[in-house]
Structure formats: structure tokens, C-alpha cells
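Novice: One structure follows; several queries about it will come next.
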Amino acid sequence: RGKVFADKRAPGGFEIHADDFQVVHFAEKFPIQEDPSEEFLLDVRHLWVRSQRMTTIFRIRHTTFGAVHEYFRDQGFWEASPPMITPAGSEGGATLFAMEYFGRKAYLTQSWQLYAEALVLAMEKIYYIGPSFRAEKSRTTRHLTEYWHAEMEEAWAGMDEVIKHAEGVISHACQRVAEERPEDVVAMGRTVEFLKAVKPPFERMTYDEALGVLKKKGMDLEWGKDLRTLEERALTEGKSKPIIVTHYPRITQAFYKARDPKHPDLVLAFDVIAGDGVGEVVGGSERETDLDRIQKALREQGEDPKAYDWYLDSRRFGSVQHAGFGMGMERLIQWICKLEHIRDAVPFPRTPARFAP
């Protein structure tokens, strides 16, 4: 029992003047003391989640997730529920987590991509937020092996239409966090004004134009190579808003991405790239609707079209122009919160080196 007083000097803005207190639980000495190492904090993550820093991030995460749901529902999208266990991958075999499924081989989902293309022909505008798994051995500040994916798919839409949604959902999330969590934003080293300024349109350039920008900065990237962290940093240097790179070389892209009819060696694909070293936040494309082209692309990438037979039915039995994207929620939160490492954007991170606690 006691009284609560507002006090700006107090860590939480308030002080309690107690007249009486009762012990509710006898605890051992808390293992986290001053100046703990990052590895130790990961070992005791189940306790570190109680810290003021982590709870601040979790509140921003909560608001960000809510804003993404709100945006898509306000835009007339239906929430869909794809499976987590799949018979084949959407991005290729090297990054798949394989598992035995009652005597057969199955995989943890990399993306809802293939299932979205089946569902979109029924529902026209769909979205989903859920976990995805990538068996990438990347030990960087922006990679997780398990992360939360916000994905959308829209029928009768092309690349330009879904780019507008990518800009819209990122902007909406930033506005909501700025409005609802201003004190948390400041605590993380951002300003409310910075987030409020994240509004469409974002700067846009083609892959070829991006290579031109890099060349002026003294960086020669071979045509057809993916943009690496180094190049993404150079392209976003000095930018307060994310940028968009479009029209990538076909040889670097997944089998389902539509060719540019004007330039068959390019695909109608795009990435939204954020600054502060976060890099790609959104990846999307218009989808290929030609059955023969998809089968040919699968073979070129060393995949057996028979493994995708059910997916190919969406082309055999009628399809329409459609497009979509996937957004890494942790990367968006990493950027909003100005985090050095993506593992702090999720309560219990999964990386190549760690899957516990």
C-alpha cells in the first residue's frame, strides 16, 4: 500500500511511496547484472525479455503487427491461412528445412507463395501474417532462420499496383507506431518526425539504374548479380525513406516471376530496401501465368516440375494476371526501432547458431 507520484527523474516516470508491502515470491539472485555480454543475454533470453529495452521493442512490435492487419483489411483484403508443412519449396532447395512426414519428405514453409496463387483465384485479394523458415547459414545482423512474414496477393494486379501496397503498408505501420508509441520510439533512438515522414511515393529505380548509381560511387557490380549488403547500403545512404529497385535480371529470380514483355531477360520484380543496414524489407513481383514458361524455368533451376504439379494446375485450369509480395516483419521492426541486430526484433530469435531457449 502507498501512493504513486509522477517524477520525471524516475525510470518509468513515476515513484511509489510505500506505507506497507507484502512479499509475493522469494526469488534467487537475478543472474543479469551490469554490462552483460550479448552471448550471455541470448543464453538467458527468457529472463532478458523482462528488461525495459525488450518490452519497449515488444510494444512497437505489437503496434506494427496490428497496423499491417489494419492496412490490408481496410484495403479489402481477406486474411488467409496457408499450411506450414509443404511438399516443395517456393524459393529452391538450398534454403529448405527438410523433415520426415510419415515416411515421406516434407519441408517447413519458406513462403505462402504457391498456396497464395491458388487462393487468389478464389478470393482475389488475400493476405497473411505468419512464420516462415529459411535454412540459410547467413550469420549477419539481418537474418533469422525463423521469422514472421507479411504476405499479400492480388488478382487483376500487376507490379505497379502491388508496389503501391508495399509503400502503403510500410507507411501505415510507421504512422501508427508514431501515433501510438511516441515515447517508445524516442527510447529506441528514432524520432516521431522521422516515422511520420515515411509516406509514399518512395524513390524508385530499375536494377540497371541502380548499377549506374553504384558505378558513380566507385562500385562495379557485374550485371545479373544480386545486390549485396554493401550495395544496398550505398543505394540507401542519406535516404530517410526506403527505396524501391525494380526489373531484375531473370537469371537471378524464382521461377514464378513474370518476364518483362519489353525486355525478356528481365522480370517484373521489385525489392523495397531500407537504410541503416537493414536492406531488403519487401520482395515482390508480378506472377508468370504461362504454363510452358514456368515449367521451363523450373527445369533451368534444377527442379522437377512434377513436384509442383498441383501448383501448375492453377495455370492449366485458368488463371488471370496477379501479383504479390512478402515483407519481413522483423526487418521492418529492426528499421523502425533502429536496431543493430535483427535478433532483438523478436522475443526468442532463431539463427544458425541458436535455437534455444
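Rule-based calculations on the coordinates, nothing more; no lab input. Quick caveat, the model's predicted, so the values are computed rather than measured. Glycine also receives a Cβ, built like all others from the backbone with ideal geometry; neighbour counts cover every protein chain displayed.
Novice: Please enumerate the residues belonging to region 176-230 that are basic (Lys, Arg) and in contact with a strand residue (DSSP E or B) (Cβ under 8 Å, 6 or more places away or on another chain).
Specialist: Residue satisfying the conditions is ARG204 alone.
Novice: Then there is this: Report yes if SER90 is part of a loop (DSSP other than H, G, I, E, B), surrounded by fewer than 18 Cβ atoms within 10 Å (Cβ to Cβ) and not hydrophobic (A, V, I, L, M, F, W, C), otherwise no.
Specialist: Here the answer is no, as SER90 does not meet what is asked.
Novice: Could I ask something else about it? Where in region 143-250 are the strands (runs of 3 or more DSSP E), entirely inside, with at least 3 residues that are crowded, with 16+ Cβ neighbours inside 10 Å?
Specialist: 146-155, 243-249
Novice: Please pick out the residue among ALA122, ALA106 that is of a type in the set (A, V, I, L, M) and surrounded by 15 or more Cβ atoms within 10 Å (Cβ to Cβ).
Specialist: Every option except ALA106 fails the conditions.
Novice: Further, regarding this structure: Could you check PHE255 against (1) among the aromatic types (Phe, Trp, Tyr); (2) closer than 30 Å to PHE40 by Cβ; (3) in a loop (DSSP other than H, G, I, E, B) and say which number it fails?
Specialist: It is condition (2) that PHE255 fails.
Novice: Just for region 17-68: of the residues that are among the hydrophobic types (A, V, I, L, M, F, W, C) and surrounded by fewer than 12 Cβ atoms within 10 Å (Cβ to Cβ), which one is nearest to LEU195 (Cα to Cα)?
Specialist: Ranking the qualifying residues of region 17-68, first place goes to PHE30.
Novice: Which members of region 161-188 meet the condition of being among the acidic types (Asp, Glu) and out of contact with any Pro (no Cβ under 6 Å at 6 or more places or on another chain)?
Specialist: Hits for region 161-188 are GLU161, GLU179, GLU180, GLU183, ASP184.
Novice: Please count how many residues of region 136-166 are free of Cβ contacts under 8 Å to residues at least 60 places away in the same chain and either touching an Asp or Glu at 6+ places or on another chain (Cβ under 9 Å) or not basic (Lys, Arg) (or both).
Specialist: Final tally of qualifying residues: 1.
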